[in-house]
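Peer 1: Quick one: structure below, then a few questions.
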Amino acid sequence: MKVRRILLMPFAAALLTGAAAEEPSESPIRFNQIGFEPGAQKRFVVEARRTFRWSLRDAAGDVVAQGEATPQPDPESGEDVAAITIDTPLPAGRYAFVAGDSESRSVTVAAHPFRGLARDALGFFYQQRAGMPIERRYVQRADLARPAGHRNEVATCFSGRDQKGLVWPGCDREIDINGGWYDAGDRGKYVVNAGVSVWMLLDAYARSAAAGATPLTGDGIAAMPEAGNGIPDILDEARYELEWLLKMQLPDHSRVAVPDTAGNKVRMIDGSGLVYHKLADAHWAPMPIRVEDDHRPRYLYPPSTAATLNLAAVAAQAARIWRPIDPAFADRCLAAARRAFVAALAHPALFADDRFDGSGAYGDTDVSDEFFWAAAELAATTGERRYIDYIAASPFADRKAAGGISWGSTAPLGTITLATQDERLPETLVAAQRRAVLAAADRLVADDAAQGYRFPAAPGPTQWGSNGALLSNAVLLGTAYDLSGDGRYRRAVIDALDYVLGRNPLDRSYVTGYGARAMRNPHHRFWAHQLDPSFPLPPPGVVSGGPNSSAMVDPVAQRMRGSCAALTCWADDARAYALNEVAINWNAPLLWTAVFADATAGGAGSAVRPH
């Protein structure tokens with residue numbers, strides 16, 4: 001049989017050297033481009049027009065698995081595809097998958113294929129830090145080092161006319177707002193996106209701590225200034241953002257301007273304990289621009305109930321985790337969380353909107369989920385009846401809570417916390433939340449089976465940040481595995497990783513530096529080599545937002561509108577901010593899932609949560 005051979009091109013090596021390399025052409029055989037675990041499923045999807053014979057061959061050319069497959073129409077990709085799953089344990093090594101007259105690029109089987117990915121996914125957050133230089137010794141290439149962005153940043157409230165014509169008075173104070181992570185391709189710093197991202201890092205640590213020490217959640221495993229200080233690196237990174245979040249909380253007796261309920265007037269209120277929604281540019285910065293050249297004015301924007309509850313939630317979570325590590329920091333976090341919850345109760349309807357230029361709105365007019373999440377974290381940390389009673393009265397107290405996780409949908413974070421932190425909580429409450437996690441995981445397993453490309457997301461149109469949403473689904477599935485030990489849930493987590501790492505209709509790894517056809521041109525103001533060759537390519541371990549057939553608003557996406565199937569509405573283009581931006585809330589679940597997959601490889605670490 002004649003076989004069409006497709007050679008592996010060293011794109012990952014090219015990213016490490018800063019050179020651009022030609023990538024191989026698209027293959028009809030799609031699979032995880034970084035590798036499979038020896039004892040886990042090896043799933044391939046083949047685009048084909050008719051029934052074909054397939055085989056998996058080892059390095060010597062011997063057939064280790066074979067069969068026949070018939071493709072079926074897949075509306076989400078616009079293709080006819082067949083999914084082939086090989087459950088046979090295989091020794092580590094190199095293999096080739098043959099389908100009809102096509103042969104895949106090299107297929108890797110390795111004991112811990114996700115370990116390097118987890119380290120680089122964590123390194124993304126260091127490279128997004130504001131307020132400190134990114135040093136050569138901590139990054140993969142010399143061109144990724146840069147001066148500190150917005151060092152010693154001090155900001156005041158926005159003043160002047162917004163885009164809806166409302167005039168803001170500013171405020172008579174400046175606050176130290178140094179530090180934190182830049183949110184995405186822009187250099188704004190947003191509390192509501194920080195909240196879900198910090199939660200992911202802290203929960204990844206918490207589940208690993210419950211299982212015992214793991215290679216990826218200890219000290220000295222990451223390239224970062226704090227490595228070797230006796231504190232797990234993932235906590236050091238989370239604390240860098242937490243310290244910034246704490247600065248965003250208003251002191252007692254602060255007067256602050258907010259919009260009235262109709263959004264037509266400014267009113268002054270007592271802002272004690274509230275949290276500014278964001279710190280961001282007055283106007284959008286150009287693409288690309290180096291941090292040392294970025295001197296545009298930046299402001300604090302009005303506090304919101306959602307931002308205030310995000311701080312309440314993650315500060316309470318941090319207090320629980322840092323109690324045995326740094327009691328003084330734990331006390332500080334818990335005090336901030338309590339103040340924020342009280343402030344949110346006093347001002348339950350302060351909503352952000354899109355009235356300001358230069359930054360994302362992150363608007364949310366339903367904060368019942370944030371209230372539930374914050375109460376859950378405070379209850380798990382303190383065991384106090386007032387928080388438990390608030391949870392019981394919440395619409396999310398029953399099985400409805402577990403759904404999609406995002407900055408605008410945070411109830412599932414509360415559900416996961418209540419389901420896994422049961423020492424201080426009523427048994428009936430914990431049991432209900434565990435049922436919610438497992439029911440949601442069952443729905444995602446069913447979604448996985450319904451997808452031609454086999455990944456745990458509902459079929460249909462793709463959304464902004466679809467890859468981040470998929471990986472967040474994997475967090476819920478991983479939690480279900482921890483609670484039950486049911487291997488179906490872990491297999492669905494691996495399906496999510498397989499999809500973003502190459503088993504998709506574009507035969508594309510959406511993670512920089514990982515795979516033969518890895519994304520390389522994110523929408524980012526510094527990793528912008530496509531726009532200006534004097535700027536660097538991105539570091540490895542950064543995930544693209546992914547296909548988006550629902551909000552095709554950037555210039556690249558607009559040209560594709562109406563001509564692409566849901567899973568193919570994507571372009572590796574730095575101008576495509578609706579398709580190919582990167583963000584902390586998408587890299588955080590990538591990190592969580594990679595750490596989880598590594599820790600549970602070979603059946604280790606199942607059902608590790610306390611119950």
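Peer 1: If we scan segment 132-143, do we find a residue that is touching an Asp or Glu at 6+ places or on another chain (Cβ under 6 Å), aliphatic (A, V, I, L, M), under 25 Å from PRO286 (Cα atoms) and surrounded by fewer than 17 Cβ atoms within 10 Å (Cβ to Cβ)? Please lay out each step first, then the result.
Peer 2: Going residue by residue through segment 132-143, those that are touching an Asp or Glu at 6+ places or on another chain (Cβ under 6 Å) are none.
The answer is no, given that none of the residues of segment 132-143 is touching an Asp or Glu at 6+ places or on another chain (Cβ under 6 Å), aliphatic (A, V, I, L, M), under 25 Å from PRO286 (Cα atoms) and surrounded by fewer than 17 Cβ atoms within 10 Å (Cβ to Cβ).
Peer 1: Does ASP219 satisfy the condition of being assigned to a helix (DSSP H, G or I), touching an Asp or Glu at 6+ places or on another chain (Cβ under 8 Å), over 15 Å from TYR301 (Cα atoms) and without any contact (Cβ under 8 Å) to a residue 60 or more places away in the chain?
Peer 2: On the way: assigned to a helix (DSSP H, G or I): no; touching an Asp or Glu at 6+ places or on another chain (Cβ under 8 Å): yes; over 15 Å from TYR301 (Cα atoms): yes; without any contact (Cβ under 8 Å) to a residue 60 or more places away in the chain: yes.
Against the criterion (assigned to a helix (DSSP H, G or I), touching an Asp or Glu at 6+ places or on another chain (Cβ under 8 Å), over 15 Å from TYR301 (Cα atoms) and without any contact (Cβ under 8 Å) to a residue 60 or more places away in the chain), ASP219 does not qualify.
Peer 1: Can you tell me which residue in segment 51-93 is nearest to GLY39 (Cα to Cα), limited to those that are assigned to a strand (DSSP E or B) and among the acidic types (Asp, Glu)?
Peer 2: Of the residues in segment 51-93, the ones assigned to a strand (DSSP E or B) are 52-58, 63-69, 72-74, 79-86, 93.
Among the residues that remain, those that are also among the acidic types (Asp, Glu) are: 58, 68, 74, 79-80.
Numbers: ASP58: 16, GLU68: 22, ASP74: 29, GLU79: 30, ASP80: 29 Å.
Top of the filtered list is ASP58.
Peer 1: I'd like the full set of residues that are surrounded by fewer than 23 Cβ atoms within 10 Å (Cβ to Cβ) and touching an Asp or Glu at 6+ places or on another chain (Cβ under 8 Å), limited to segment 543-569.
Peer 2: Scanning segment 543-569 gives VAL556, ALA565, ALA566.
Every residue, every condition in (1) outside any helix (DSSP H, G or I); (2) more than 18 Å from ARG239 (Cα to Cα); (3) in contact with a Leu (Cβ under 8 Å, 6 or more places away or on another chain), yes or no:
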{"residue": "PRO302", "(1), (2), (3)": "yes, yes, yes"}
{"residue": "PRO324", "(1), (2), (3)": "yes, no, no"}
{"residue": "PHE341", "(1), (2), (3)": "no, yes, yes"}
{"residue": "PRO348", "(1), (2), (3)": "yes, yes, no"}
{"residue": "ASP354", "(1), (2), (3)": "yes, yes, no"}
{"residue": "TYR387", "(1), (2), (3)": "no, yes, yes"}
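Peer 1: Still on this structure, please answer the following. Within the set of pairs 6 or more residues apart or between chains, which connect a residue that is in a helix (DSSP H, G or I) inside segment 196-207 to a residue that is at pLDDT below 95 with Cβ atoms less than 6 Å apart?
Peer 2: Here the result reads TYR205/THR217, each pair linking segment 196-207 to a residue that is at pLDDT below 95.
Peer 1: Out of all the residues in segment 296-325, which are under 23 Å from LEU166 (Cβ atoms), surrounded by fewer than 17 Cβ atoms within 10 Å (Cβ to Cβ) and not charged (D, E, K, R)?
Peer 2: Across segment 296-325, the qualifying residue is only PRO297.
Peer 1: State which residue pairs qualify: first residue more than 18 Å from LEU250 (Cα to Cα) and inside segment 321-340, second residue in a loop (DSSP other than H, G, I, E, B) and of a type in the set (D, E, K, R) in any location, beta carbons under 7 Å apart, and separation of 6 or more residues or different chains.
Peer 2: Correct list of pairs: ALA330/ARG323.
Peer 1: Quick test of your reading of the structure: ALA238 fulfils all but one of (1) in a helix (DSSP H, G or I); (2) farther than 23 Å from LEU144 by Cα. Name the failing condition by number.
Peer 2: Every listed condition holds for ALA238 apart from (2).
Peer 1: Also: Within segment 122-152, can you find the residues that are under 14 Å from TYR182 (Cα atoms) and of a type in the set (Phe, Trp, Tyr)?
Peer 2: If the condition is that a residue be under 14 Å from TYR182 (Cα atoms) and of a type in the set (Phe, Trp, Tyr), then PHE124, PHE125, TYR126 are the ones that fit.
Peer 1: For residues that are surrounded by fewer than 17 Cβ atoms within 10 Å (Cβ to Cβ) and of a type outside the set (S, T, N, Q), tally how many sit in segment 66-89. It would help to see each step written out before you state the result.
Peer 2: To start, the set of residues in segment 66-89 that are surrounded by fewer than 17 Cβ atoms within 10 Å (Cβ to Cβ) comprises 66-68, 70, 72-73, 75, 78, 80, 85, 87-89.
Then drop every residue that is not of a type outside the set (S, T, N, Q), which leaves 67-68, 73, 75, 78, 80, 87, 89.
So the count comes out to 8.
Peer 1: Would you pick out the residues in segment 362-385 that are charged (D, E, K, R) and not in a helix (DSSP H, G or I)?
Peer 2: As a first pass, look at segment 362-385 and keep what is charged (D, E, K, R): 364, 366, 369-370, 377, 384-385.
If the condition is that a residue be charged (D, E, K, R) and not in a helix (DSSP H, G or I), then ASP364, ASP366, GLU384 are the ones that fit.
Peer 1: Please determine, by comparing only the residues of segment 416-435 that are touching a Gly at 6+ places or on another chain (Cβ under 9 Å) and of a type outside the set (D, E, K, R), which one is nearest to VAL192 (Cα to Cα). If you could, list the steps in order and put the result at the bottom.
Peer 2: Going residue by residue through segment 416-435, those that are touching a Gly at 6+ places or on another chain (Cβ under 9 Å) are 423-425, 433.
Those still in the list that are of a type outside the set (D, E, K, R) too: 425, 433.
On the way: LEU425: 26, GLN433: 24 Å.
For segment 416-435, the residue satisfying everything is GLN433.
Peer 1: Something else now. Within segment 258-295, can you find the residues that are small (Gly, Ala, Ser), surrounded by 20 or more Cβ atoms within 10 Å (Cβ to Cβ) and over 25 Å from the mean Cα position of the chain (by Cα)?
Peer 2: GLY271, GLY273
Peer 1: Here is a follow-up. Counting just the residues of segment 375-432 that are in contact with a Lys or Arg (Cβ under 6 Å, 6 or more places away or on another chain) and within 24 Å of LEU444 (Cβ to Cβ), which one comes out surrounded by the fewest Cβ atoms within 10 Å (Cβ to Cβ)? I'd like the intermediate steps shown before the answer.
Peer 2: Taking segment 375-432 as the starting set, the residues that turn out to be in contact with a Lys or Arg (Cβ under 6 Å, 6 or more places away or on another chain) are 381, 383, 399, 419-420.
If we keep only those that are within 24 Å of LEU444 (Cβ to Cβ) as well, we get 399, 419-420.
Working: ARG399: 16, ALA419: 28, THR420: 23.
Per the stated criteria, the residue is ARG399.
Peer 1: Inside segment 514-611, counting only helices (runs of 4 or more DSSP H) that do not spill past its ends, which hold 1 or more residues that are touching a Gly at 6+ places or on another chain (Cβ under 6 Å) and closer than 18 Å to ALA457 by Cβ?
Peer 2: Working: elements: 555-560, 577-580, 584-599.
Ranges flagged: 584-599.
Peer 1: Hey, could you check segment 258-281 for residues that are part of a strand (DSSP E or B) and within 15 Å of THR305 (Cα to Cα) and say which is modelled with the lowest pLDDT?
Peer 2: Restricting attention to segment 258-281, the residues satisfying the condition of being part of a strand (DSSP E or B) are 258-259, 266-270, 275-281.
Retained after the next criterion (residues that are within 15 Å of THR305 (Cα to Cα)): 258-259, 269-270, 275-278.
Working: VAL258: 97, PRO259: 94, ILE269: 97, ASP270: 97, VAL275: 98, TYR276: 98, HIS277: 98, LYS278: 98.
Checked segment 258-281; the qualifying residue modelled with the lowest pLDDT is PRO259.
Peer 1: Here is a follow-up. Give me the residue from segment 120-148 that is touching a Phe, Trp or Tyr at 6+ places or on another chain (Cβ under 7 Å) and not aliphatic (A, V, I, L, M) and, out of that set, farthest from ALA588 (Cα to Cα).
Peer 2: ARG146
Peer 1: Let me ask something else about it. May I ask you to list the residues in segment 157-198 that are among the β-branched types (Val, Ile, Thr) and in contact with a Lys or Arg (Cβ under 7 Å, 6 or more places away or on another chain)?
Peer 2: At the first step, the residues of segment 157-198 found to be among the β-branched types (Val, Ile, Thr) are 167, 175, 177, 191-192, 196, 198.
Hits for segment 157-198 are VAL167, ILE175, ILE177, VAL191.
Peer 1: Okay, next question. Quick one: which residue in ALA209, ALA204 is modelled with pLDDT under 95 and farther than 21 Å from PRO133 by Cβ? Lay out the reasoning, then the answer.
Peer 2: Values: ALA204 fails: modelled with pLDDT under 95.
It is ALA209.
Peer 1: Would you point out which residue out of ARG43, ARG129, ARG115 is within 18 Å of TYR499 (Cβ to Cβ), basic (Lys, Arg), surrounded by 17 or more Cβ atoms within 10 Å (Cβ to Cβ) and touching a residue at least 24 places away in the same chain (Cβ under 8 Å)? I'd like the intermediate steps shown before the answer.
Peer 2: Working: ARG129 fails: within 18 Å of TYR499 (Cβ to Cβ); ARG115 fails: within 18 Å of TYR499 (Cβ to Cβ).
Just a single option satisfies the conditions, and that option is ARG43.
Peer 1: Then there is this: If you check ALA349 against the conditions, is it in contact with a helix residue (DSSP H, G or I) (Cβ under 7 Å, 6 or more places away or on another chain), loosely packed, with under 14 Cβ neighbours inside 10 Å and either at pLDDT 95 or above or over 23 Å from VAL154 (Cα atoms) (or both)? Can you show your working first?
Peer 2: On the way: in contact with a helix residue (DSSP H, G or I) (Cβ under 7 Å, 6 or more places away or on another chain): yes; loosely packed, with under 14 Cβ neighbours inside 10 Å: yes; either at pLDDT 95 or above or over 23 Å from VAL154 (Cα atoms) (or both): yes.
Answer is yes for this residue.
Peer 1: Moving on. In segment 326-346, how many residues are buried (at least 22 other Cβ atoms within 10 Å of the Cβ), within 27 Å of the chain's Cα centre (by Cα) and aliphatic (A, V, I, L, M)? Working first, answer last.
Peer 2: First pass over segment 326-346, keeping only residues buried (at least 22 other Cβ atoms within 10 Å of the Cβ): 333, 336-337, 339-341, 343-344.
Subsequent filtering for residues that are within 27 Å of the chain's Cα centre (by Cα) retains 333, 336-337, 340-341, 344.
The next check asks that each one be aliphatic (A, V, I, L, M); those that pass are 336-337, 340, 344.
Residues meeting the conditions: 4.
The values are calculated or read from the model by the stated rules, or taken from the named source; none is laboratory data. In this text the structure is predicted, and so the values were computed from the model without any measurement. Virtual Cβ from ideal backbone geometry, glycine too; neighbours counted across all protein chains shown.
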